[in-house]
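Working notes, structure below.
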Amino acid sequence: MMKAITQHRYGSYEALTCEEIPKPEPRAGEVLLRVAAAGVDPGQWHLMAGLPLAARLAFGPRAPRDKVRGRDVAGTVVGVGPGVTGLAEGDEVFGVADGSFAEYAVASAKLVVPRPASVSAEVAAATPTSGYTALRAIAKTSVGAGQRALVIGAGGGIGTMLTQILAARGVSVTGVCSASKLELVSSLGADSVIDYRVDPLGSGYDVVFDIAGLRSLHDLRKLLTPAGTLVLIGGEDNGRWLGGATTRSMRANLMNMVTGHRLRPVLALANRADLEQLGALLAAGTLTPQVERTFVLSATAEALRLLMEGKARGKFVITP
């Protein structure tokens with residue numbers, strides 16, 4: 001048996017329960033991990049709430065099919081399923097494992113990679129979803145050294161990683177965030193920082209990365225050079241049925257037909273190549289996820305609440 005954060009109905013934070021359930025067993029192509037730490041990302045809120053409603057076709061129409069929450073993970077391999085090669089009991093790894101808000105979780109062997117010895121489990125667990133989303137966002141552009149990039153939402157999980165990776169590539173980064181996060185974003189390599197509540201965003205950017213998802217496409221395009229690229233990562237507003245990000249992506253694809261700007265929605269899926277690249281960036285010190293706070297397993301609902309209220313300076317992590 002093990003402790004896990006479970007959910008038997010869609011709802012708010014009270015839908016989450018910490019309870020004892022049977023420990024999972026790895027199937028073919030899977031490994032069993034003893035969880036050392038699990039990262040918190042907005043996707044877990046969407047699963048908890050069952051929003052957007054269209055996503056319930058995949059999550060489960062009336063209640064979540066997968067009862068244990070969590071996805072990003074760092075841990076120790078303690079069981080190996082049939083057909084797995086390259087991993088053995090005792091290996092320290094990080095990656096993604098559905099159900100990582102628990103003492104044990106099963107992961108596809110293709111979606112965990114070695115954790116660098118110099119990197120803590122908490123930092124590694126904070127990396128996967130935000131990290132590979134940042135990599136996929138950058139891959140939508142040709143931005144390079146000497147060019148200007150605006151990161152809207154630079155103080156959150158994805159934004160802090162985007163800022164670091166872009167700065168390491170010689171890109172001049174302007175980070176947009178709340179006043180409480182200005183110092184943090186500046187410390188990550190941003191050349192300038194903007195308080196979104198009071199400061200104008202400027203213009204003439206080669207690339208704009210919009211994580212916040214609260215500005216219109218029309219207003220975002222005004223920030224670009226005539227041949228600039230707008231990368232759409234977030235979209236949390238007015239999205240009960242299809243999701244704000246889905247709606248914005250549809251509009252962006254239509255606008256690509258009539259504008260000189262390149263509008264690029266991001267759909268980031270976990271993959272081994274990106275996880276290995278993240279491991280290399282962590283080992284080199286190029287990327288250091290900003291873990292603001294660690295919560296015990298029973299406080300997972302509180303961590304999600306604070307994250308969705310915009311109170312995280314970087315990442316939150318759960319430890320069993």
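The values are calculated or read from the model by the stated rules, or taken from the named source; none is laboratory data. Note that the structure is a prediction, hence the values are computed from the model and not measured. So basically every Cβ, Gly included, is an ideal-geometry build from the backbone, and we count neighbours across all protein chains shown. Surface areas here come from the heavy atoms of the whole protein model, side chains and all, with no ligands, DNA or RNA. Shrake-Rupley method; radii C 1.70, N 1.55, O 1.52, S 1.80 Å.
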All positions within segment 284-302 that are open to solvent by less than 40 Å² (accessible area, probe 1.4 Å) and more than 15 Å from the chain's Cα centre (by Cα): F295, L297, A299, T300, A301
When you scan segment 268-279, do you find a residue that is acidic (D, E), open to solvent by 70 Å² or more (accessible area, probe 1.4 Å), modelled with pLDDT of 95 or more and touching a strand residue (DSSP E or B) at 6+ places or on another chain (Cβ under 9 Å), even just one? yes
Matching residues, segment 163-187, being in contact (Cβ under 8 Å) with a residue 60 or more places away in the chain and under 15 Å from D199 (Cβ atoms): S178, S180, K181
For segment 113-144, which positions are β-branched (V, I, T), farther than 29 Å from L230 by Cα and over 16 Å from the mean Cα position of the chain (by Cα)? V113, V119
Wholly within segment 143-233, helices (runs of 4 or more DSSP H) carrying at least 3 residues that are under 23 Å from L278 (Cα atoms): 157-168, 182-187
Whether any residue in segment 107-119 is hydroxyl-bearing (S, T, Y), more than 19 Å from L281 (Cβ to Cβ), touching a residue at least 40 places away in the same chain (Cβ under 8 Å) and open to solvent by 10 Å² or more (accessible area, probe 1.4 Å) is what I want to check. yes
Any idea which of (1) closer than 18 Å to T129 by Cα; (2) in contact (Cβ under 8 Å) with a residue 60 or more places away in the chain is the one E103 doesn't satisfy? (1)
G131 is checked against (1) assigned to a loop (DSSP other than H, G, I, E, B); (2) buried (at least 24 other Cβ atoms within 10 Å of the Cβ); (3) not hydrophobic (A, V, I, L, M, F, W, C) and fails just one. What number does that condition carry? (1)
Filtering segment 193-213 down to residues that are surrounded by 15 or more Cβ atoms within 10 Å (Cβ to Cβ) and either free of Cβ contacts under 8 Å to residues at least 24 places away in the same chain or on the phi > 0 side of the Ramachandran plot (or both) yields I194, G213
Test result for A37, open to solvent by less than 30 Å² (accessible area, probe 1.4 Å) and over 19 Å from R115 (Cβ atoms): no
Filter segment 60-81 for residues that are open to solvent by 60 Å² or more (accessible area, probe 1.4 Å) and in contact with a helix residue (DSSP H, G or I) (Cβ under 7 Å, 6 or more places away or on another chain) and give the result. R65, R71
Failed criterion for G170 (all others in (1) open to solvent by less than 20 Å² (accessible area, probe 1.4 Å); (2) on the phi > 0 side of the Ramachandran plot hold): (1)
Search segment 178-217 for residues being among the basic types (K, R) and under 21 Å from the mean Cα position of the chain (by Cα), and hand back the single one that is farthest from L166 (Cα to Cα). R215
Any idea which of L307, L287, L263 is part of a helix (DSSP H, G or I), in contact (Cβ under 8 Å) with a residue 12 or more places away in the chain and not acidic (D, E)? L307
Inside segment 126-162, can you point out the residues that are closer than 23 Å to S100 by Cα and without any contact (Cβ under 8 Å) to a residue 24 or more places away in the chain? none
Considering only residues that are within 12 Å of A301 (Cβ to Cβ) and either at pLDDT 90 or above or in contact with a His (Cβ under 6 Å, 6 or more places away or on another chain) (or both), which ones fall in segment 36-54? V40
